[in-house]
Amino acid sequence: MHNDNQPLIFELSTEGRVGYSLSELDVPAVDLAAILPSEFIRTEEAELPEVSELDIMRHYTALSRRNHGVDSGFYPLGSCTMKYNPKINESVARFAGFANIHPLQDESTVQGALELMYDLQEHLIEITGMDEVTLQPAAGAHGEWTALMMIRAFHEANGDFQRTKVLVPDSAHGTNPASATVAGFDTVTVKSDENGLVDLEDLRRLVGDDTAALMLTNPNTLGLFEEHILDIAEIVHSVGGKVYYDGANLNAVMSKARPGDMGFDCVHLNLHKTFTGPHGGGGPGSGPVGVKADLIPYLPKPVLVKTEEGYHFDYDRPQSIGRVKPFYGNFGINVRAYTYIRSMGPDGLKAVTENAVINANYMMRRLEPYFDLPYNRHCKHEFVLSGSRQKKLGARTLDMAKRLLDFGYHPPTTYFPLNVEEGLMIEPTETESKETLDAFCDAMIQIAKEVEETPEVVQNAPHTTVIGRLDETRAARNPVLRYERETVEV
Ligand SMILES: *Cc1c(COP(=O)(O)O)cnc(C)c1O
């Protein structure tokens with residue numbers, strides 16, 4: 001019997017075993033020498049494993065069970081929104097008319113795909129309160145960079161070449177300062193106040209005629225809504241800067257509040273988070289950017305337009321920052337997001353937000369007696385605990401994260417944001433049931449008790465996984481990702 005924790009055997013080959021059966025060739029054999037240069041023709045057979053179909057099936061199924069995914073267990077990785085990816089999205093993305101088209105096909109033959117993209121843009125315009133949306137950017141960080149390039153083009157068109165600074169609160173997602181730097185700006189950090197929100201006095205002190213923009217992650221990485229958001233937008237606008245809304249985690253506010261109504265000039269969304277695109281394995285994402293009217297001329301081109309003859313790409317955009325992604329963006333993720341929005345409807349999207357926020361607050365209050373909660377306020381879609389109480393007893397947040405593996409959970413995000421010591425950032429998402437949330441809280445509470453009573457159990461975790469604790473630096477720097485048969489030295 002197979003046990004998921006047994007070492008995998010890779011040497012499965014048995015001479016002469018085959019995994020296929022083909023009928024006799026009943027057409028003339030191809031003369032390879034006539035069609036291929038001789039150096040490309042094999043002289044020896046390839047050394048491939050000789051296995052049956054069943055051997056192969058079990059091998060890959062066993063490998064897949066070594067992976068933790070949303071389909072196999074709870075995945076409360078803060079700021080990553082590892083929510084369920086509805087299977088109807090996959091069916092629709094596989095419709096032949098979406099899956100089998102080619103990006104170089106003539107526009108007249110892909111009108112359905114263009115209509116879907118256009119309608120998705122319209123939905124996102126409605127959801128964000130912006131005036132126009134581009135679907136080109138391939139991920140959240142790419143969207144941030146795209147918007148910053150538009151902001152720069154806007155300032156330069158006004159002769160404002162001295163606007164070289166982008167303000168980023170210290171509670172921002174890490175991609176914000178990175179994108180500002182890649183876009184060629186100097187990043188200036190804005191402090192948080194004792195409530196974990198943007199310090200308005202610090203912001204007032206930092207803005208000036210060198211301010212290009214402020215990038216605001218809202219809710220911030222502590223899961224807190226910026227209460228003074230209108231003041232923040234007003235302060236930056238008063239000196240001629242633009243305000244950018246990092247809307248990667250829109251499930252905290254969607255259908256309740258819109259960045260466009262809060263005075264923001266642009267926003268990016270992560271369709272692979274809030275709008276259920278599968279992610280986490282480095283697969284394709286989609287980070288559309290919405291803009292207000294005065295940034296529209298700078299949108300990446302081509303811009304999808306609707307005319308009486310149908311949909312087509314307009315390349316005649318002289319002020320555009322140019323293309324940021326080939327062809328249609330990550331079309332397959334956009335099909336999934338469109339399917340999700342249409343299957344939820346406006347009331348469904350509102351319920352998503354309510355449940356994401358209720359779930360996070362429920363867990364925060366259940367865990368509050370057992371862990372430190374540095375910013376003790378109502379949270380939005382996520383919250384951040386501190387493991388400093390446990391650290392004093394000898395078990396760090398890293399140890400507790402490893403111990404969670406023994407309970408079958410993916411650990412929360414750890415050691416982020418940086419303004420929380422021994423941080424544990426937990427995002428349950430709206431797709432989980434109360435039973436799942438309770439079971440995870442029970443595991444966390446048990447771990448907190450273990451830290452008091454038997455800390456070595458936590459310090460040496462995990463105990464039940466195939467591989468124990470890795471040297472994380474070596475695993476990241478020198479990953480051995482390929483199985484290699486041992487070679488015998490002679
Ligand atoms: C995930 C995330 C990003 C970055 O998105 P990517 O698609 O990973 O580039 C940016 N901001 C916030 C708040 C996020 O949660």
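Computed from the coordinates by the stated procedures, all read-outs in this text should not be read as laboratory data. This structure is a prediction, so every number in the text was calculated from the model and none was measured. Every residue, glycine among them, receives a Cβ derived from its backbone with ideal geometry; neighbour counts consider all protein chains shown.
Output the relative contact order of region 335-490, whole-number percent, from Cα pairs under 8 angstrom with separation of 6+ residues.
Values: 196 pairs, mean separation 36.6, N = 156.
The normalised contact order for region 335-490 reaches 23 percent.
How long is region 87-343 along each principal axis, judged by its Cα atoms, biggest number first, in Å?
If we take the Cα atoms of region 87-343, the spans are 56, 40, 29 Å.
Based on other C-beta atoms within 10 Å, arrange Val27, Val420 from fewest to most.
Going from least to most buried by this count: Val27, Val420.
Setting aside same-chain residues fewer than 8 positions from Lys83, which aspartates and glutamates have a Cα under 14 Å from its Cα?
Those aspartates and glutamates meeting the cut-off are Asp71, Glu382, Glu427, Glu430, Glu432.
Cut-off under 20 Å on the C-alpha distance; same-chain residues fewer than 8 positions from Lys191 excluded. Which lysines are left, in chain and number order?
Lys165, Lys242
How would His102, His59 line up from fewest to most surrounding beta-carbon atoms within 10 angstrom?
His102, His59
Which peptide among 90-96, 238-244, 188-194 comes first, and what is the full order, when sorted by highest mean count of other Cβ atoms within 10 Å? Walk me through the numbers on the way to the answer.
Values: 90-96: 13.3, 238-244: 21.7, 188-194: 15.3.
Packing order, densest peptide first, comes out as 238-244, 188-194, 90-96.
Amide H neighbours of Thr217 under 5 Å, counting only residues 5+ apart in sequence or on other chains, H built in-plane at 1.01 Å?
When sequence neighbours closer than 5 places are left aside, the close amide H contacts are His173, Asp246.
Which three extents, in whole angstrom, do the alpha-carbon atoms of region 355-477 cover along their principal axes, largest first?
37, 33, 28
Kirkwood-based Rg over Rh for region 416-482 (C-alpha set), two decimals?
Reported Rg/Rh (Cα atoms, Kirkwood Rh): 1.04.
Normalising by the residue count of region 9-66, find the relative contact order in percent from Cα pairs under 8 Å and 6+ residues apart.
Working: 28 pairs, mean separation 33.1, N = 58.
57 percent.
Using a 7 Å offset from the Cα along the Cα-to-Cβ direction at both Lys434 and Thr465, what is the distance between the two label points in nm, to one decimal?
3.2 nm
In a shell of Cβ-Cβ distance under 13 Å around Lys191, excluding Lys191 itself, what net charge do Lys and Arg (+1) and Asp and Glu (-1) give?
Its environment carries a net charge of -4.
Per DSSP helix of 4 or more residues, -39500 (n - 2.57); summed, then divided by the residues of the chain. What does that give at 222 nm, rounded to the nearest 500?
-10500 deg cm²/dmol
Mind putting together the pair-distance distribution for the chain? All Cα pairs, 20 Å bins, whole percent per bin, short to long.
That works out to 20, 46, 28, 6, 0, in percent per bin.
Please state, rounded to one decimal and in Å, the Kirkwood hydrodynamic radius that region 23-152 gives when every pair of distinct Cα atoms enters the mean of 1/r.
21.5 Å
Post the alpha-carbon centroid distance, region 434-478 to region 33-96, in whole angstrom.
Result: 29 Å between the Cα centres.
Net charge within 14 Å of Met117 by Cβ-Cβ distance, Lys/Arg positive one each and Asp/Glu negative one each, not counting Met117 itself? Display every interim value, and only then the final one.
Details: positive: Lys306, Lys325, Arg336, Arg342; negative: Glu107, Glu115, Asp119, Glu122, Glu132, Asp314.
So the environment of Met117 carries a net charge of -2.
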